[in-house]
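*Asks:* One structure coming up, written as structure tokens, with questions to follow.
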Amino acid sequence: MRRISLTRIAALTLSIAMLLTACSAPEAGGDSKGGDPAANSGETTYKTELNVAINANPPSMDPHGINSNTVGGIGMHIYEPLFSLNANYEPVPVLAEGYTVSDDGLVYTITLRQGVKFHNGQEMTADDVVASMNLWLERCSKAQLIAGSTFAKVDDYTVTLTVPQASSDIIMVLAAPIQFAAIYPQSVAEAAGPDGISEYIGTGPYELAEWKQDQYVKLTRFADYQSPEGEASGLVGEKSAATETIYFRVVADNSTQIAGLQTGQYDIVEGVPLEYYEDLSSDNNLELVVETGGTLNLFFNTTQGPLANETLRQAVLAALNCDDILLAAYGDPNLYTLDPGWCPPDDAVWGSEAGSEYYNQNDPDKAKELLEQAGYDGEPIVLVTTPDYSEMYNATLVVQEQLKQAGFNAEVEQYDFSTFMEHRSNPDQYDLFITSNSYNPLPVQLSVLSQDWAGLSAPEVTEGIAAIRGAATTEEASAAWDELQGFLYEYGAATVLGHYTGVYGMQAGVEGFDYMRYPIYWNVKVPE
């Protein structure tokens, strides 16, 4: 990840240290509520409400089963896992106190922190952890890496995790921040239905106070919160719930977002529309944070419909001009990178150019030849998308046009975000879709490899994951990932379109903002 704090475009070259200095201004004495006695001493006083504009209504408040940045980003303020990642992407205990591993690597004995309270006042014990973690193993696509595992109670503050096969990445899997392994009260976990939990109770620094569909999610400071020890680092360490109330305001209209940021109605805007990037960067009352954190991807329905034909999928890949797609999506070449890798290009282990011969071909003549080979008869190719995320929507329109020029009968269907997620998950309702997907700590956790994401089912995927996880050395693991990434392109399962940066706009002077997979707000304060 990289962070660049700027008040004008030239400031893109400033160092991370400048942002960290801005975010570590000394705290005022007393608490951060409106009645702070600092108001009478000339010291800084802070707002009691943090207003954050988000693009779309979350489809759920259950992170176990929903692969969504909106669900995860809000949810991590409400719930906590046993382990999460620090700023160096190392797994660190959160609700766990520590763990040991049996000699054969199959049994993990995890001790729990004591005295941790849920928002309903109950103390968290092993019964809650076992019920929650077994539910997570059942519902989370990321947990399929350790399918066949089970949690069991030893005593009130000790649980075991028994895995079917020894691997060095077990704790990393538990600590993954997307579809994270949130701990719920036992009663909530056991009452979960096919769509997940219906009560939203966790141990996090904030509790859910109100959720008005398509308007806002309101979180309030949890008075009995027990923060993990240690300096704040990534998703672990101190969580102070510095601002009493957080409103996540659903603001789908881009111009409304920007007007609200400029007038101070919103303290922070997630995902600043990139067409406003240049204008906002010259506003000295605002601060922009740019985070490089993932890839924009095109996924194929490989299981049914016209694109079940591999030659037809290769025709799609041949037609794509990723330069034009990314420029339409992000508007400024400074905000994206052309690269075929599913992992960060500069990652020494997982950065890969395997399959690059299939990437960004921009060859409509080749696409037409492949269409003829495939016997394509003009059947509609349906791209589903949502205008709630402009980069996904704009990229989809350009892909549609490129496919049309190559001879495809390409149609676009657009929906609100929640409905888009429903269509995306149903192979009867799409042929192609584009999403932006954040980087994962391990490539084996990528959505593209999950059958639950876009239906991909091939023995090469299962074998490739096993080869990576069973590798004896880092070099062997890296080579196994090269082979698997190459297969994804050769098979036409999906393609990276490019690597993106997200832009977050905020009022100048905001303190304590951090980012790691999601924006982190539990230590944020906004001067009045």
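*Asks:* What number of lysine-lysine pairs in the chain show an alpha-carbon separation below 25 angstrom, given a sequence spacing of 8 or more or placement on distinct chains?
*Replies:* Count of close lysine pairs: 21.
*Asks:* State the answer as a single residue: which of 106, 341, 124 lies farthest towards the positive end of the charge dipole of the chain, with beta carbon charges of +1 for Lys and Arg and -1 for Asp and Glu, about the Cα centre.
*Replies:* The residue sitting most towards the positive pole is 124.
*Asks:* Taking each pair of distinct Cα atoms in the stretch 205-284 once, what is the resulting Kirkwood hydrodynamic radius in Å?
*Replies:* With all distinct Cα pairs of the stretch 205-284 included, I get 14.9 Å.
*Asks:* What per residue convex hull volume, in Å³, comes out for the chain when only alpha-carbon positions are used?
*Replies:* Cα convex hull per residue, to the nearest whole number: 140 Å³.
*Asks:* How would 111, 303, 160 rank on accessible area, largest to smallest, probe 1.4 Å?
*Replies:* 303, 111, 160
*Asks:* How would you classify the stretch 318-459 from its alpha-carbon gyration tensor, with a ≥ b ≥ c the square roots of the eigenvalues: rounded for a/c under 1.5, else prolate if a/b is greater than b/c, otherwise oblate? Could you put the intermediate results ahead of the total?
*Replies:* Numbers: a/c = 1.34, a/b = 1.18, b/c = 1.13.
Verdict is rounded for the stretch 318-459.
*Asks:* A follow-up question, please. Using just the Cα positions, wrap the stretch 432-528 in a convex hull and report its mean projected area in square nanometres, one decimal place.
*Replies:* 8.9 nm²
*Asks:* One quarter of the convex hull surface, Cα atoms only: what value does that give for the stretch 378-504 in nm²?
*Replies:* 9.1 nm²
*Asks:* For residue 411, what charge total do you get from the other residues with a beta carbon under 13 Å from its beta carbon, if Lys and Arg give +1 and Asp and Glu give -1?
*Replies:* Once all neighbours under 13 Å are counted, the net charge is -3.
*Asks:* May I pose another question? Can you tell me the accessible area per residue over the stretch 390-473, all protein chains present, probe 1.4 angstrom, in square angstrom? Intermediate results must be reported in sequence, preceding the final value.
*Replies:* On the way: 3260 Å² over 84 residues.
Counting only protein heavy atoms, the per-residue value for the stretch 390-473 is 39 Å².
*Asks:* Please give, to one decimal in nm, the separation of the simple spin-label points placed at residue 123 and residue 275, each 7 Å out from Cα toward the Cβ.
*Replies:* 5.7 nm
*Asks:* With all protein chains present, how much of the accessible area of the stretch 344-491 (probe radius 1.4 Å) comes from carbon and sulfur, to the nearest whole percent?
*Replies:* Accessible surface attributable to carbon and sulfur in the stretch 344-491 totals 43 percent.
*Asks:* Provide the gained length on full extension for the span residue 245 to residue 508, in nm with one decimal, where the gain is 0.36 nm per separating residue minus the Cα-Cα distance.
*Replies:* 92.7 nm
*Asks:* Rounded to the nearest 20 Debye, what is the dipole magnitude of the chain about its Cα centre when Lys and Arg each give +1 and Asp and Glu each give -1 at the C-beta? Intermediate values should be presented prior to the final figure.
*Replies:* Working: 23 positive and 73 negative charges, 143 e Å.
In total the dipole reaches around 680 debye.
*Asks:* Hey, another quick one. Residue 460 to residue 472: extension gain in nm, 0.36 nm per residue of separation minus the Cα-Cα distance?
*Replies:* So the extension gain works out to 2.4 nm.
*Asks:* Please compute the length gained on full extension between residue 409 and residue 338, using 0.36 nm multiplied by the number of residues separating them and subtracting their Cα-Cα distance.
*Replies:* Separation in residues times 0.36 nm, less the Cα-Cα distance, equals 22.9 nm.
*Asks:* Another question about this same structure. Counting heavy atoms of the protein chains only and a 1.4 Å probe, report the per residue accessible area for the stretch 122-207 as a whole number of Å².
*Replies:* On a per-residue basis, 35 Å².
*Asks:* Cβ under 9 Å from residue 114's Cβ, residue 114 left aside: what net charge do those residues give with Lys, Arg +1 and Asp, Glu -1?
*Replies:* Combined, the nearby Lys, Arg, Asp and Glu give -2.
*Asks:* Could you size up the charge dipole of the stretch 248-324 around its Cα centre, putting +1 on the beta carbon of Lys and Arg and -1 on that of Asp and Glu, and report it in debye to the nearest 20?
*Replies:* Here the stretch 248-324 has a charge dipole of around 440 debye.
*Asks:* Estimate the FRET efficiency between residue 377 and residue 253 by the formula 1/(1 + (r/R0)^6), using the beta-carbon distance for r and 41 Å for R0, to the nearest 0.05.
*Replies:* Working from the Cβ atoms, E equals 0.50.
*Asks:* How big is the charge dipole of the stretch 403-528 about its Cα centre, in debye rounded to the nearest 20, if each Lys and Arg gets +1 on its Cβ and each Asp and Glu gets -1 on its Cβ?
*Replies:* In total the dipole reaches around 280 debye.
*Asks:* Would you mind computing, in nm to one decimal, how far apart the modelled labels at residue 102 and residue 138 are, each placed 7 Å from Cα along Cα→Cβ?
*Replies:* 2.4 nm
*Asks:* With a Förster radius of 56 Å, plug the Cβ-Cβ distance of residue 109 and residue 303 into 1/(1 + (r/R0)^6) and report the FRET value to the nearest 0.05.
*Replies:* 0.85
The values are calculated or read from the model by the stated rules, or taken from the named source; none is laboratory data. If you're wondering where the values come from, they're calculated on a predicted model, not measured in any experiment. Quick reminder, even Gly has a Cβ in these numbers, built from the backbone with ideal geometry, and neighbours come from all protein chains shown. When the accessible area is computed, the model is the full protein with side chains, heavy atoms only, and any ligands, DNA or RNA have been set aside. Shrake-Rupley method; radii C 1.70, N 1.55, O 1.52, S 1.80 Å.
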